[in-house]
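The values are calculated or read from the model by the stated rules, or taken from the named source; none is laboratory data. Only a predicted model underlies this, so the values are computations on that prediction, with no experimental measurement involved. For neighbour counting, all protein chains shown are included, and Cβ atoms are generated from backbone atoms with ideal geometry for every residue, glycine included.
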Amino acid sequence: MTQGMYTVTENTPLTSSVYRMRLAGDTSALTAPGQFINIRLDGHFLRRPISVCDYDAESITIIYKVVGKGTEQMAQIQAGQTLDVLCGLGNGFSVEKSGERPVLVGGGVGVPPLYHLCKQLIAKGKTVSVVLGFNSADEVFYKNEFEALGATVFVATADGTLGTKGFVTDVLGDLDYDYFYTCGPMPMFLAMEKIMRTSGQYSFEERMGCGFGACMGCSCKTKYGNKRICRDGPVLEREEIIW
């Protein structure tokens, strides 16, 4: 983990409530897809944890949804401003276990951390399928970006305005895959757990206090005892989780 000042180079809306922000600064602490950063915002005691969508040697891309005062404040930030950021938090996805035909499953704002994962898997020659779940067509983002990487992308919307009408599980039943990666809300995880046919990795969305393991406010039951989502996760193996 590193702490530093990062310069905002982009902060643009992707939908009516979802924004993409790019930050220029030190990315050396990022070692795996699925890690997150923790942003300090003026006037707020707790930092805001946001998963990393993509990164390179000089910049970080995050995607966030405006859901409260903190993210409302983030949406007003202009290019050129600086932010105090803790970088390289959490344990990310392991690409070594992917098999040859992995499927990536994202629900809503669980989609972003799968993007850099997809990029790495395709670079390794894997055949990647991506299933994205949203409520409606006007909430869909990054479908084109995943396709541009070379993935086969499926979209499910609850109201049927784009892709398959229903949920990600309505798509997954017909897919051929040998491993899965997923990030999204708990109801999606519980539905997936009933139908998934292989091993996989779950990346948990969780409200966090400190973001680096000091407060035990975001723990998950596993076969090895309680694990902290912020420090031991957010990615956990399917076989270790006690639902």
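Would you please name the residue that is nearest to Ser129 (Cα to Cα), looking only at residues in the range 53-85 that are part of a strand (DSSP E or B) and either in the same structural domain as His116 (by TED's automatic domain parsing) or of a type in the set (D, E, K, R) (or both)? Working first, answer last.
Within the range 53-85, the first condition is being part of a strand (DSSP E or B), and the residues that meet it are 53-55, 59-65, 82-85.
Now restrict to residues that are either in the same structural domain as His116 (by TED's automatic domain parsing) or of a type in the set (D, E, K, R) (or both): 54, 65, 84.
Working: Asp54: 18, Lys65: 24, Asp84: 36 Å.
Only one residue tops the list, namely Asp54.
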Subject >> Residue among Tyr6, Tyr64 that is among the hydroxyl-bearing types (Ser, Thr, Tyr), buried (at least 20 other Cβ atoms within 10 Å of the Cβ) and in contact with a Pro (Cβ under 9 Å, 6 or more places away or on another chain) >> reply: Tyr64
Original post:
Can you find even one residue in the range 139-154 that is over 25 Å from Val52 (Cβ atoms), touching a residue at least 24 places away in the same chain (Cβ under 8 Å) and in a helix (DSSP H, G or I)?
Top reply: no
Original post:
closer than 27 Å to Asp174 by Cα, at pLDDT 95 or above, surrounded by fewer than 15 Cβ atoms within 10 Å (Cβ to Cβ) and among the charged types (D, E, K, R) - does that describe any residue in the range 118-125?
Top reply: yes
Subject >> Single residue of the range 56-79 satisfying the filter (hydroxyl-bearing (Ser, Thr, Tyr) and farther than 21 Å from Pro185 by Cβ) that is farthest from the chain's Cα centre (by Cα) >> reply: Ser59
Original post:
Does any residue of the range 92-101 turn out to be in contact (Cβ under 8 Å) with a residue 60 or more places away in the chain, acidic (Asp, Glu) and in a loop (DSSP other than H, G, I, E, B)?
Top reply: yes
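Would you mention how many residues in the range 102-137 are polar (S, T, N, Q) and either assigned to a loop (DSSP other than H, G, I, E, B) or touching a Cys at 6+ places or on another chain (Cβ under 6 Å) (or both)? Walk me through how you get there before you give the answer.
Going residue by residue through the range 102-137, those that are polar (S, T, N, Q) are 120, 127, 129, 135-136.
In the following step, the residues that additionally are either assigned to a loop (DSSP other than H, G, I, E, B) or touching a Cys at 6+ places or on another chain (Cβ under 6 Å) (or both) were identified as 127, 135-136.
Looking only at that region, the number is 3.
I want to confirm something. Restricting to the range 152-189 and keeping residues that are among the small types (Gly, Ala, Ser) and closer than 12 Å to Val105 by Cα, which single residue is modelled with the highest pLDDT?
The qualifying residue modelled with the highest pLDDT is Ala156.
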Original post:
Quick one: how many residues across the range 143-166 are among the basic types (Lys, Arg) and within 18 Å of the chain's Cα centre (by Cα)?
Top reply: 1
Original post:
Among the residues of the range 9-30, which ones are surrounded by 15 or more Cβ atoms within 10 Å (Cβ to Cβ), in a strand (DSSP E or B) and in contact with a helix residue (DSSP H, G or I) (Cβ under 9 Å, 6 or more places away or on another chain)?
Top reply: Asn11, Val18, Tyr19, Met21
Subject >> Close pairs (8 angstrom Cβ cut-off, 6 or more residues apart or separate chains): assigned by TED's automatic domain parsing to the domain that holds Ala137 in the range 156-170, aromatic (Phe, Trp, Tyr) and not in a loop (DSSP other than H, G, I, E, B) anywhere >> reply: Ala156/Phe134; Thr157/Phe134; Ala158/Phe134; Leu162/Phe134; Gly163/Phe154; Thr164/Phe154
